[in-house]
Structures are given as structure tokens and as C-alpha cells.
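The values are calculated or read from the model by the stated rules, or taken from the named source; none is laboratory data. It should be emphasised that the depicted structure is a prediction, and the values quoted were computed from it without experimental measurement. Positions of Cβ are backbone-derived with ideal geometry, glycine not excepted, and every protein chain shown enters the neighbour counts. Protein only, heavy atoms only, side chains kept; ligands, DNA and RNA dropped before computing areas. Shrake-Rupley method; radii C 1.70, N 1.55, O 1.52, S 1.80 Å.
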Amino acid sequence: MKADDVARYLRENPAFFETYADMLGEISIPHPHGGRAIPLSDRQMLALREKSRALESRLTELLQIGEENDAIGEKMHRLSLALFAAPDLQSLLTVLYLHLREDFSVPQAALRIWGAEPARGGGEIAEFRAVGEQLKRYAASLSQPFCGPSSDAESAAWFGDGASHVRSVAHMALRDKECFGMLALGSEDVLRFYPEMGTLYLKRMGELAGAALLKFL
């Protein structure tokens, strides 16, 4: 009889060891971390302990993720309140950049707006400087935030003197019915914004910024 036949028989007859309970004490198998043989019952206990440790590790990881999400959620809430309390466009931009730098630890942030004019004043505001058509098309194509290496020279230049230090970026389209701008975040850390990262909070950040800006356009 082959080993597969024995395994199949035991699966099809789960009451076998109830009938032959004494056999459990007679069967020995190799220790998982050494060459010595141990009773099957001891091996089962070791397997349960290893499974328990794995579950505890996973639970700890999930709790940590939950705490991190709670912290980000609180920061998003503070940003939302600050944006919608801003009395004018310049105040809104100041608040946005401040929260990105201080609360979210993003060293570089900039945005551009096109297809709209500020409701009052703002002619000299850097955020309304001309943007190339290729970049406009790129921003309009973003259904989700882009995260990865800094490769677009035009948007990289938005960071001014800090542009040469940026190694990873996040790009979020600003939308009403159509795309009317883009928010760019930059970091010196190449792994701060990477292609496989989750973008839920970045997407919400772009939506918040876009909705707040529309008050003054």
C-alpha cells in the first residue's frame, strides 16, 4: 500500500483513531527542528503552537495597520477642517502646504491650476502659471494617483530649489467635472512614494484639495 492510499483511507475514515486510540501513543515522527523522533501528539502540539504564534504575529500586524490608519484618518480630518475654514485662496494654499509638510511629513508639495481663474486677485500666484498641454493630458488621464520615480521635468520644476533632491513623487489630479489641475508631492526618499503602495488616502487628499479650491475659482 502506498502512502497516498494510507492518507486517503484516513481522510475517508476520520473515526479510525477513535477506534485505535492507543496507536497515537505508539506513533513517532521526526521533530520539525531536529532529527530526533517525537510522539505524534507532541508533533501536533508543536504545530498548534507554531500556528498560534503565526496568528499572534498577524494580529499584531493588523493592529498596527489599524493604528496607522486611525492616525492618518485624524490627519485627514484636520486637513479637511483647515481647508474649508480658509477665508481666501492664498490662505487655503498656505494651509494645504503647511499640513502636508507638518502633519504628513511631505517635504515638497506644489500644485498647478488651469482652465480657471481665481475668484478675486491671484494673478501673480505661482499655482496659476502656464502648464504644457502634454502635462494637462497626463493629469487628465490619472484615474488613480501616480506614485513612483520623478520623471516628468515640468512637474518636477514646480518644487523649485528642492527639485534636484526629489527621488519619488505622487501626482493627484484635481477635478470638478473635468480635470482642472494637479497636486504633486515629492520626497528625497525613493521609497516614500512607490508604484505598489496603496493610494486611497492620496486620492482622498486630491479630492479634498480640489473641492476646497473650487470655492475660489
* On the given criteria, is Arg58 at pLDDT below 90, open to solvent by 50 Å² or more (accessible area, probe 1.4 Å) and of a type in the set (D, E, K, R)? -> yes
* **Residues within the stretch 77-96 that are crowded, with 16+ Cβ neighbours inside 10 Å and touching a residue at least 60 places away in the same chain (Cβ under 8 Å), tallied** => 7
